[in-house]
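The next block holds one structure in the form of structure tokens; read it before the comments.
The values are calculated or read from the model by the stated rules, or taken from the named source; none is laboratory data. A quick note: this is a predicted structure, and the numbers were derived from the prediction, not measured. Positions of Cβ are backbone-derived with ideal geometry, glycine not excepted, and every protein chain shown enters the neighbour counts. When the accessible area is computed, the model is the full protein with side chains, heavy atoms only, and any ligands, DNA or RNA have been set aside. Shrake-Rupley method; radii C 1.70, N 1.55, O 1.52, S 1.80 Å.
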Amino acid sequence: MSDTASAPPRARTARLLFVATILAGSFLLFLVQPLVARMALPRLGGAPAVWNSAMLVYQALLLGGYAYAHAIGRWPIARQATVHLGLLVLAGLTLPIALADLPAPSPGFEPLWVPLLFLLTIGPVFFVVSAQAPLMQRWYAADSGAGDPYWLYAASNLGSFTGLLAYPLLFEPNLSLGAQSWVWSLGYGVLILLVAAAAAARWRAEGEGAPLAPAAAEPIGWRRTLLWLALAAVPSGLMLSATTHLTTDIVAMPLLWVIPLGLYLLSFVFAFNARSALGHTLARVAPVVLLLAGGMAMVSQGSGGLATAFATVLMLFVVAVALHRRLYDDRPSPARLTYFYLIMSAGGALGGLFTALLAPVIFDWVWEHPILVLAAAALLPNRPLVAWMDRLGLDRAGRRISILVLLILATGLSGLLYRWLVEQNDALVLLGMLGIAWCGILLLGHRWAVVAVLAMLMLGRGGYQTLWASIEGTRERSYFGIYTVRDQDYAGLRELTHGTTLHGLQFTDPAERREPTTYYGRDSGVGAALGVLPQLAGPEARVGVVGLGVGTLACYRQPGQAWDFFEIDPAVVDFSRGEDGFTFLRECTPDAPIHIGDARLVLETLPDARFDALVIDAFSSDAIPLHLVTSEAFGVYRRKLAEDGLLLMHISNRFIDLRPVVAALAEEHGMTAILRSDLDKLGPGISPSIWVVMSPDAGRIARLIAVRRDLEWERLPAPAQSLWTDDFASILPFIQWQSILGK
């Protein structure tokens, strides 16, 4: 950084002012992103693709803001300040932040509807605030004695990182959405004052509106521009693909999406600081880290666990630092600063476009992740750690032979690694990975050979299985998730997995295929209640099921009953109804209507007192669809239930204890609640499950306990102190950290 201590008092004051302005703007930018996503949750659900779509909008608006900063950067500071402050005030008229009123999207149009919602909600203020980083650096550089302004970009991303962490740790647990919006609006007002002060400081220093001199501008060729685009696009896309890969195939941990984005932002802090020893060191070792950790980029179906998750985020951080450091080293003079940041922003938007919009349409799995890892390998600084070929005195032919031998060795080890992985020989798997990685390390300095070795390592460490699933066509990707169908012939089972979570299971033997499985066994909370529903609600009971899965619950239907299913993802319906899919629906409820769309919104359109039993089973992977577990959502359920109806909620989760949350909601809405934990002595095909059964009629609950007195029913624990609402909810107090750390 600049030597602030030796600068004159006026210069030190100016530097502090510019740092404060940039920090404030970046803090607000990354505070508003999760804030708006949280506002939209009741309408969007919690699929990883929703966050990726939001990030795409933010990157597009950031690109627009950088283009605007570049366009006005040639004007005198007085004119720039007048225009920018005017736009800040105009955008401020849209505050406080409120979700745009858009009609619900038709099925299949979510990838377009979600970005439009975010654009209309936050577009004006995000656009104008996003211009802060390049514009303030340009103003800072207007003083010939200010020095290199690029270090301010590190400060900008430090503000972004702080804003990102402040939301889940401070704002969400302590403030309602309305209060969060007002606090953000107050911060926006402070930012306007800081921008005005910065403009005044430079206006005086520059000399009453004198234009910035463009004479020192250096020519920038198209090759250099394309390199900047690539160096910005790959870390941006990798950040999003790592998020999807982690939450889909490794471990769907709460708040996990914060980690990749936070590390991505933090990478700029070290990369854009010439004095950062850590930035220099990470750039040097990045190819080695990429070989060791990037080799797991094709791991799928939860076969990695927490170690793979750690390796993935470590790789993202190191690679992002190295690529951003290469960008920093190639930065132009301050006269071309805004153009440089414009190209950087365009690269970030391209990476987001590829990952958030194109990849889900093109690929059936998160193939964008290994593609971007390989692209990173092609772009990283690639210098030998040890010049062993020089020391051996190899001529050109000898070098080529050595490269070929190492490539053949890596290919052979890749095949062995796959075999050891199938045999579950962990020791040999580790040795195989290290052997292939060592081949890559010896090849450093030969860029495309290193890329080939990394591809071999990916294939051996899970890639062959992942690739084979795509070739077989047993996997399908939708906006809401990645689904895989597998037949376990040895066990006579067919399974559907959604990311790391088993989504459904069916016996393939015709004599058993109507038997309920997984979380819906006859002794589970839902199985116990639906099995005796005629005794509780009569022979013509009306049943609603939110969350179709493979339709397992359908075979609890009994003659005279009327059933409705609610499912947000058309791909799930295809699996449940397809000729080659699961047969629960076809055999047990062939005439039951399936309502496509967000269940909470669809339920609102149905008559009140519609159901005698309503099942809420809409959890995707281990993510929480928060909008289905709020007081407003329970109000909808309560209205749609008969006065003595049953509300059954599935709350099994590896990482979050929802029992106190549901206890508070049941108490708020005057319902008696009991808990059924089906965790021990499970039969074939049955998974551990936790269900809460509630009813506004305490007698109905007592009757259920009496009829199924062979089961152990429990009281719910003490209600949570804070009631979850659409306006206020936080999962932090309910995270089971021991489960996360012991994964």
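Some points to look at:
- Rolling a 1.4 Å probe across the protein heavy atoms gives the chain an accessible surface of 39 Å² per residue.
- Solitary cysteines of the chain, where the nearest other Cys Cβ is not under 4.7 Å: Cys439
- Computed E for Leu711/Glu632 - FRET, C-beta separation, R0 56 angstrom, nearest 0.05: 0.95
- Relative contact order of segment 273-342, pairs being alpha-carbon contacts under 8 Å that are 6 or more residues apart, as %: 39 percent
- Accessible area in the full protein assembly, largest first, 1.4 Å probe, for Glu587, Glu172: Glu587, Glu172
- Extension gain for Thr82 to Glu472 (0.36 nm times residue separation, less C-alpha to C-alpha distance): 134.3 nm.
- When a 1.4 Å probe is rolled over the protein heavy atoms, the share of accessible surface on the chain that falls to carbon and sulfur comes to 62 percent.
- With at most 15 other Cβ atoms within 10 Å, longest stretch of the chain clear of loop chymotrypsin sites (Phe, Trp or Tyr not before Pro) (DSSP): 110-489
- Label separation (Asp644 vs Leu193): 6.4 nm, computed from points 7 Å beyond Cα along the C-beta direction.
- With 20 Å bins beginning at zero, the pair-distance distribution over Cα atoms of the chain amounts to 16, 44, 30, 9, 0 %.
- Gain in span if fully extended, Ile408 to Asp330, counting 0.36 nm per residue against the direct Cα distance: 24.5 nm
- Using alpha-carbon coordinates, inclination of helix 222-245 to the longest axis of the chain, degrees: 30 degrees
- Axis angle, to the nearest 10 degrees, between helix 151-166 and the longest C-alpha principal axis of the chain: 20 degrees.
- Rounded FRET efficiency, nearest 0.05, which uses the C-beta distance separating Glu423 from Phe363 and R0 of 45 Å: 0.95
- Helix 368-379 axis, angle to the chain major axis (alpha carbon atoms, nearest 10°): 20 degrees
- Rough spin-label spacing in nm, given labels placed 7 Å along Cα→Cβ, for Leu385 and Lys681: 5.6 nm
- Each Cα pair under 8 Å and six or more residues apart adds its separation to the average, and for segment 57-138 the resulting relative contact order is 57 percent.
- Only one residue of Leu85, Gln558, Thr225 has its Cα farthest out toward the positive end of the dipole of the chain, where Lys and Arg carry +1 and Asp and Glu -1 on Cβ, and that residue is Thr225.
- Using R0 = 51 Å, the C-beta based FRET efficiency linking Leu430 and Asp395 works out to 0.90.
- Estimated [θ] at 222 nm from DSSP helical runs (n ≥ 4, -39500 (n - 2.57)) normalised by residues in the chain, nearest 500: -17500 deg cm²/dmol
- Heavy-atom accessible surface of Val258, to the nearest 10 Å², is about 10 Å², with a 1.4 Å probe and all protein chains retained.
- Entry for segment 261-359 at q = 0.25 Å⁻¹: log10 I(q)/I(0) = -1.31, Debye formula applied to identical alpha-carbon scatterers, no solvent contribution.
- Inter-label distance for Asp143 and Asp574, nm, one decimal - labels placed 7 Å from Cα along Cα-to-Cβ: 6.1 nm
- The chain: relative contact order as a whole-number percent, Cα under 8 Å and 6+ apart: 13 percent
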